[in-house]
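Worksheet: one structure, shown below.
The values are calculated or read from the model by the stated rules, or taken from the named source; none is laboratory data. Just so you know, these numbers come straight off a predicted model, no measurement behind them. Ideal geometry is used to build each Cβ from the backbone, glycine not excepted, and the neighbour counts take in all protein chains shown. Please note that ligands, DNA and RNA were not included when accessible areas were found on the heavy atoms of the full protein model with its side chains. Shrake-Rupley method; radii C 1.70, N 1.55, O 1.52, S 1.80 Å.
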Amino acid sequence: MSSTIYDVASRAGVSIATVSRALNAPQTVHPATLQRIQEAIDALGFVPKAEASARARRIHRQIGVLAPFFMHYPSFTQRLRGVSSALLDTGFELVVYNVETPEHVRSYLHTLPITRRLDGLLIISLMLSDEEAARLVQHGLPTVLIEGSHPSLPAVEIDNVEGGEIAAEYLLTKGHRRIGFVGGDRQLPGYAIGTSALRFRGFVKTLERHGLTPILPGFTPQTASHEEARRQALDLLQQPEPPTAIFAGNDTLALGVLKAARESGMRVPEDVAVLGFDDADFADYIGLSTISQSLEESGRLAVEMLLSMISESLRTNRRIRLPLQVVERDTT
C-alpha cells in the first residue's frame, strides 16, 4: 500500500500543513524540520499523488537547472544560452532555480526529485554530498552536473587547476616575471565550486616551478565583484614593484582590473597586461585576453547527455572534460 502525506507527517512528528510546505516551499521550513520530513519521505518511499500520476504518464516535458548566483555571473548566462538552444526544438520547457544560500540548495535537492515535474535536472557549479547524489539516483531523476563532479553522476567539466597553470604559462611566455593575481568567489560554503580558488592553485603551482611567487593584494577579497577586483588591482599597482601582468580569476574580475589600470594612468598592455578567464561575451567586445572554457558548448553537451538518459532510461556516470585554450586579444 502506498504511503500518504498523513504517514509522512506522523513519522516526522509534524502537521500535514508543514509537510505540504516542505514539499512546495521548502525554503520556508526550518532546516532541522525539513531534514526530519525528508528522512520520513525516504523511509516511506512517499511520492505525492500528482507527481506519481505525472510520472506514469511521462508528460512533464520540463528540464530543471539549479545554479548559484546565475544572475550575477555572465558565465552562467552563457551556459544557459547553450542549454536553451539545445532544448529549442525538443519540446522541453526550461525551468531555472536560482540559489543564493546553502538552505536554498539543500531544500531544492531534498524536494526536486520527488515534487517537481521534471524529466531531468542540470546542476551548475554546485558540490553535492553523497546523500544528495544518492537521493537523485534513488528517485530516478536523470541529472547531469556542469562544472562539478560526483562519482555517481555524469558531468561536463573543466580542470580549473589546469586553467590556472595555462594562465601562468602563457604570461611567462610573454616575458613577465612580476605577475599579480586578482580573485574571489561568491561565498556559498560547502556548496558552490570555488573556481577562482582552484584557478589560483594552479597559477601558484606553475609560478613556483619557475622560482616565482604571485604578487597579491594586502587584504583578503570579500566578494567576487568587479568593484572588489578594482580595489585589489589598485593595491597591486600601488606597490613599490607593481606587477607587469595580472591574471584575474574570471572575466568579470578582469573588468575591475582594467578600470584600476585606467585610474592609475597605466597603459594596457604596455605597462600592465591583463588576462581573464571564461571568455564571456563581453570579452571579445572589449578586446580582453582570456582563457576560454567553451561555456555554451558545456550547456549544449550537458543537454545532449541528459536527453539521452531520459529517452533511453539509462543511468550513467560518464564525464566529458572540455579543453581550455588561451584567446589572445588586446590586453596582453
Breaking point among (1) surrounded by 17 or more Cβ atoms within 10 Å (Cβ to Cβ); (2) farther than 15 Å from ASP330 by Cα, for GLN222: (1)
Selection count, the range 237-273, where residues are over 28 Å from THR77 (Cβ atoms) and free of Cβ contacts under 8 Å to residues at least 60 places away in the same chain: 11
The range 308-329 residues that are part of a loop (DSSP other than H, G, I, E, B), paired with ones that are open to solvent by 90 Å² or more (accessible area, probe 1.4 Å) (beta carbon under 7 Å, 6 or more apart): ASN317/PRO151
Search result, residues across the range 136-159 that are within 24 Å of ILE41 (Cβ to Cβ) and either assigned to a helix (DSSP H, G or I) or of a type in the set (Asp, Glu) (or both): LEU136, VAL137, GLN138
First in the range 194-214 and in contact (Cβ under 8 Å) with a residue 24 or more places away in the chain, second anywhere and basic (Lys, Arg) and open to solvent by 60 Å² or more (accessible area, probe 1.4 Å), Cβ under 8 Å, 6 or more apart: LEU212/ARG177
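Taking ASP271 as the residue in question, decide whether it is in a helix (DSSP H, G or I), modelled with pLDDT of 95 or more and open to solvent by 20 Å² or more (accessible area, probe 1.4 Å).
Working: in a helix (DSSP H, G or I): no; modelled with pLDDT of 95 or more: yes; open to solvent by 20 Å² or more (accessible area, probe 1.4 Å): yes.
It is false that ASP271 is in a helix (DSSP H, G or I), modelled with pLDDT of 95 or more and open to solvent by 20 Å² or more (accessible area, probe 1.4 Å).
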PHE219, sole failed condition from (1) at pLDDT below 95; (2) hydrophobic (A, V, I, L, M, F, W, C); (3) over 25 Å from LEU295 (Cβ atoms); (4) part of a helix (DSSP H, G or I): (4)
Any chance LEU288 is crowded, with 24+ Cβ neighbours inside 10 Å, within 19 Å of THR331 (Cβ to Cβ) and of a type in the set (A, V, I, L, M): yes
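Select, from LEU94, LEU80, LEU87, LEU66, the only residue that is at pLDDT 85 or above and open to solvent by 50 Å² or more (accessible area, probe 1.4 Å). Talk me through it step by step, then tell me what you get.
On the way: LEU80 fails: open to solvent by 50 Å² or more (accessible area, probe 1.4 Å); LEU87 fails: open to solvent by 50 Å² or more (accessible area, probe 1.4 Å); LEU66 fails: open to solvent by 50 Å² or more (accessible area, probe 1.4 Å).
The match here is LEU94.
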Filter result (open to solvent by 30 Å² or more (accessible area, probe 1.4 Å) and within 16 Å of the chain's Cα centre (by Cα)) within the range 103-142: HIS104, ARG106, TYR108, MET127, SER129
